[in-house]
Structure formats: C-alpha cells, structure tokens
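A.B. asks: A single structure is presented below for examination.
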Amino acid sequence: MDPSRYIAKHVINLPKSGIRDFFEVVAKMKDVISLGIGEPDFDTPWHIREAAIYALEKGKTHYTSNLGLIELRRAISKYVEKTFSIGYRPEDEILVTVGVSEALDIAFRALVNPGDKVMFHQPCYVSYSPSITLVHGTAIPVPTYAKDNFALTAEALRAAWQPGAKLLVLNLPCNPTGGTCDRAQIEAIAKFAVEKDLLVLSDEIYSELTFEGVHTSIASLPGMKERTIYLHGFSKAFAMTGWRIGYACGPAALIEAMMKVHQYSMMCASILSQEAAIEALLRGEDAMKSMRDQYHRRRDFIVRRFNEIGFKCNLPRGSFYAFPDVSVTGLSEKDFAVSLLQAEKVAIVPGTAFGANGSGFCRACFATSYEQLIEASNRIERHVQSLATKR
Amino acid sequence: MKPIIKLLLEGGSLSSAQLAQVLNLSEAEVNRQLEELRAQRVLLGFRPVLNLAQEDSGVVRAVIEVRITPERGGGFNRLAERISRFDEVESCFLMSGGYDLLVFVNGSSLQKVAAFVSEKLASIEGVLSTATHFMLRSYKEQGFMLDVKSEEADRLKVAP
C-alpha cells in the first residue's frame, strides 16, 4: 500500500521550503560559520526567562483565555500605542497567538475563500505563498527591486494587481531583503489599498529593528486601522524565537473571526510564553535597544565588506539580514552558496528560497559575533577571488 | 561613546587587526586610538577572565569593609589610594553607607590574606576598623557564568 495516496492534493503539490534543502546539507557539516540563521544570536534576556520560571513556580500551568491573558493584552495595547501610535482595545481587538506564523495562518483561514486572491511582495518570508495555497487561495507575488532598496512601490502593486484581489500582505522591514518603506511610500500603498478595497495583513515582526528613520505602521495612517490586521510578536526584537509568541490586532469583527479558528485549533498560546511576554513588554526595552544597536553596527560592517568583495549590497534599513547580489561571481545564487559552503564552510541562504525573483541574491544574517562576521567575510572574499582566477 | 570603546565592550577579544576591519580604519590608526585611550587612562589594560577553582595553587579572595578617617583637603582619597597600591588589593571602592571603603583582596592562602589585613591594612593610621569576608565560591565573574556552559551547539545552523 502506498500511504502517500491519502495525502491531500494541495499538500502533495506544495514545494518543500528551499531553506530546508540547504539546512540538510549544512547540518551534516562541522565547523561551519553560519550566516544562515533567521534569528537573533542573543539568548532571551535573563529577566524575561526568569519571569517564566517564576510563573512556573507559582503554578501557572493552565489554559488561558482564548484571546490570551488580559494582562498581556493590556500590555500589548499600551506598547503598540506608545511605540507605533496605533490604539487597540485589549478586550476585543487583540488576539495572542503562537508567533506571527500562527497569526498569519489563522488570518488566511478566517478571510480567504477558495480562489480568493492574495497579494504579497517578493522576495519574502518562506511561508507566505504556501500558507495561501493551504487555504486554497491564489497567491499574487509583487516584485520588489534592488534599485528601490527592496521597498514595495505602489507602481509595482498596480502592475501586479488583478481584478478580485482581496488581501495584501506586507512585511516591512522585510525578511530576507531588509527593505522597508518610508512614510510617503507607505501612504502610497495605503492609498492603493483603499482604491482597490484591499484588506491589509501587516507582518511587522522586524519593526523595532529599524536602523534608519522611524518605522511607520500602515495601521497608524488615517482610515487604515479599519482595513488592517496588524501582526507582531516577540521573536526578533526580544530574542524570543523559541517561545513562539506573537499577536494580531485589528477590527473586533476580524479578530473575532480569527479567534474562532484559533480556539478550535490552538486554544491558546503557552501560558509560560505569555507570562514571559508580559515581562518583555514591561521591562525589556533597554535590552532590546542594546541588541538593536549591536545589530546596527554589525550591519554597517558586513555590508561594507560585501561591497569591498565586489557584491552589490544595499544597506538594509531594517531586520538583521543583508541581501547581496552575488551574480558578479558568474554563478547562480544557489551554486555560489553551495560552492561557498563546500570550499570555505560558510553558510548563506540562496535568495531563491524566498521567491523566484531572489535569483542572483543571497541572504546573510548578521546577527552573529564580530569574530564570526570578520572570519566569514574573509572566507567569502577568498572564495570569490578563487572563483575569479578559475574563470 | 567612541566607536572603538563600544567595540571593545562588545567584541570580546578582537585583535587590533580585527578591530581595524570592523571600524574601517587602518591598523595603525586603531593602535593610535588605543594608545590615546591608554594615555587618557580610559583604557587601563586587558586581563583574561579565568576560573581558577580547578588550579592546585588556588587563590583566596576576601572582601574587606574598611572604615577610615577622612582628612581635611583630600577627603578619603589619600588613604584609599595608599591602600589600593598594595599588590594584594584587586579593587577598591568608596562606598555610601556603614563603612567607607570596600576592598577586594586576594592572596595565596587564608593566612596570608589574614596577615595582610591585620599587619598592613588595619595598622595604617586613619583606618578605624576592618571587617573581612572570605569568598567561598564564585558564580559569575566579569559577566561570565563560571559553571554554566554555553548552549550554542543546540541551535539550528540555517533557519527561515
């Protein structure tokens, strides 16, 4: 018997994440310097971890409200208001989720009818397109370009738009490009969303890690709060990836719809993670800012080195990723990444893992120590020079 | 804060060549800046942070609360500096509260430290009293946990 004949068609056809293939190769090698991670190199600040230990000691081992602990929702409400100037009611406009990944998934499940069209910019986080496929939606990628420093432009949106498009997913600052939009660009996107009656799902997980200018949330613009679901979490800014904790904020009717899916699938986020998240919001700002400043300085170093090596590499305005153009090597991004790994044991991720138009680029995460960044950049330089002499 | 100071604090034990690479300066310029910091007494020196508990010739460490008489003109400084100059003294701080100086002392044996306190420290004119606390065990030194290993190895090497 072939058990695979039981698997649903749309799952069978779903491609494995390109990052997964690469991970298998890297996992088997020793002494690799990895710029391939998608998370902070810092452990969660101790005071946050300690809050979870304390909660455990106090017997906080039960289910919470489906929406999440009210103390956490109140803290989220205050934080989002203070930091990003958007006001949400803790009672019915905020839902605590198992990371932004779950928030995005239940948003799609709550909003997308089979065949509904969902726009998102590409290169992008690996899960957007598959998550849309899983709810039988139609994915409409909108390209972003190196010439715009990977900001999403209203022109590109207009060019990709198709009649019947319903949702627009934003991820600014963006994994993998580090691109983001300034206020004028966000305003143009908002105007387009209103014109085409799109609901916006805004994944702003990297918003605290904005190095140039001020992060503008699309939900903070006049008239946009009612057509935006704002998604945020703790993984990146507070170095809490493994806790799997995030949240969705939006109009009460939409949060209620997402809550229905959430209560039947997840019930609630882990209470320990929720307790830790409260601590992060109330007392985590100093540690967060210190981490951001360190990413900022590491970014300046690695981007300068990439340009010295001969890659064209924009200064990413946010996130902890650089997205250099490696086509100068004469190799495809995938061949370059594989040859670099084999020759010099440095792992970077081929840009095509984040969408076809990541072709020619690689993602390098600079959330790692200076020693590793210096050594990795020297090895990459050596490899690029050796490729040049062979040609 | 100067970029080079930030990097010294963040970067651990980077060589001057590595500092130069990160700061986008020549190595000569980095060395010049380090010299300048030394001259300004901002950069006092580099020392390894070691856990000597496993070494045979262990080190005995003590913290001593010292009450002293302040002097007209110099306050506590003259006596504090005089005490600080002993090789046995690792660090010395002027404190608010029930005593004046907190002195960190080390020696090769309990007797040697005790002798230092009674013969050298307590006998200085102006020292009113001392209270010595011997350290039994160290858990964290200069930001490093002593017996907790880094769990770096558990992390994924590639992640989305």
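A.B. asks: For every other residue with a beta carbon closer than 15 angstrom to the beta carbon of A:F354, add +1 if it is Lys or Arg and -1 if Asp or Glu, then tell me the sum. Mind showing how you got there, number by number?
C.D. replies: Details: positive: A:K16, A:R20, A:K334, A:R363; negative: A:D21, A:D203, A:D325, A:E333.
Local charge sum for A:F354: 0.
A.B. asks: As a test of understanding, state the convex hull volume per residue of the stretch B:52-136 from its alpha carbons, in Å³. Present the calculation step by step, with values, prior to reporting the outcome.
C.D. replies: Values: hull volume 7.5 nm³, N = 85.
Spread over its residues, the Cα hull of the stretch B:52-136 gives 88 Å³ apiece.
A.B. asks: When the helix-only estimate is applied to chain A (DSSP H runs of n ≥ 4, each -39,500 (n - 2.57), divided by the residue count), what is the mean residue ellipticity at 222 nm, nearest 500 deg cm²/dmol?
C.D. replies: Working: 13 runs with 166 residues, N = 391.
Mean residue ellipticity, 222 nm, calculated: -13500 deg cm²/dmol.
A.B. asks: From the P(r) of chain A, could you give the percentage of C-alpha pairs in the tail past 34 Å?
C.D. replies: Working: 22098 of 76245 pairs.
So the portion of pairs separated by more than 34 Å is 29 percent.
A.B. asks: OK, next. As a footprinting exposure proxy, order A:F120, A:F211, A:F42 by other Cβ within 10 Å, with the fewest listed first. Before the final figure, lay out each step's value.
C.D. replies: Numbers: A:F120 24, A:F211 20, A:F42 15.
By the 10 Å Cβ count, ascending: A:F42, A:F211, A:F120.
A.B. asks: Rounded to the nearest 0.05, what FRET efficiency do A:D21 and B:S57 give with R0 = 51 Å and r taken as the Cβ-Cβ distance? Could you check? Intermediate values should be presented prior to the final figure.
C.D. replies: Numbers: r = 54 Å, r/R0 = 1.06.
Step by step, r from the Cβ atoms, then E = 0.40.
A.B. asks: While we're on this one: So, R0 is 35 Å and r is the distance between the beta-carbons of B:E90 and A:N307; what FRET efficiency does that work out to, to 0.05? Write down the numbers at each step before the final one.
C.D. replies: On the way: r = 46 Å, r/R0 = 1.31.
Rounded to the nearest 0.05, the efficiency is 0.15.
A.B. asks: Still on this structure: Each label point is 7 Å from the Cα along the Cα-to-Cβ direction; what then is the distance between the points at A:F42 and B:E119, in nm?
C.D. replies: My value for the distance between the label points is 5.0 nm.
A.B. asks: Let me ask you something else. Of B:F76, B:S91, B:L121, which is farthest along the charge dipole of the stretch B:52-136 in the positive direction, counting Lys and Arg as +1 and Asp and Glu as -1 at C-beta?
C.D. replies: B:F76
A.B. asks: Looking at the calculated P(r) for the stretch A:37-97, what percent of the C-alpha pair distances fall above 13 Å?
C.D. replies: Details: 1301 of 1830 pairs.
Roughly 71 percent, once rounded to a whole number.
A.B. asks: FRET efficiency for A:S65 and B:A131, Cβ-Cβ distance as r, R0 = 60 Å, nearest 0.05? Intermediate results must be reported in sequence, preceding the final value.
C.D. replies: Working: r = 54 Å, r/R0 = 0.89.
The calculated FRET efficiency here is 0.65.
A.B. asks: Please work out, to two decimal places, the log10 of the ratio I(q)/I(0) at q = 0.11, 0.17, 0.18 Å⁻¹ from a Debye calculation in which every Cα of the stretch A:1-160 carries one identical scatterer.
C.D. replies: Normalising to I(0) and taking log10 leaves -0.78, -1.35, -1.34.
A.B. asks: In Å and whole numbers, how far do the C-alpha atoms of the stretch A:132-173 stretch along each principal axis, longest first?
C.D. replies: 33, 21, 12
A.B. asks: Which of the pairs A:K117/A:K191; A:K78/A:K191; A:K147/A:K345; A:K58/B:K140 have their Cα atoms more than 23 Å apart in this structure?
C.D. replies: Working: A:K117/A:K191 19 Å; A:K78/A:K191 27 Å; A:K147/A:K345 31 Å; A:K58/B:K140 27 Å.
Going by Cα-Cα distance, A:K78/A:K191; A:K147/A:K345; A:K58/B:K140 fall outside the 23 Å limit.
No value in this document is a laboratory result; all are computed from the given coordinates. Remember, predicted model here, so these are calculated numbers, not experimental data. With ideal geometry, Cβ positions are generated from the backbone for all residues, glycine too; neighbour counts draw on all protein chains shown.
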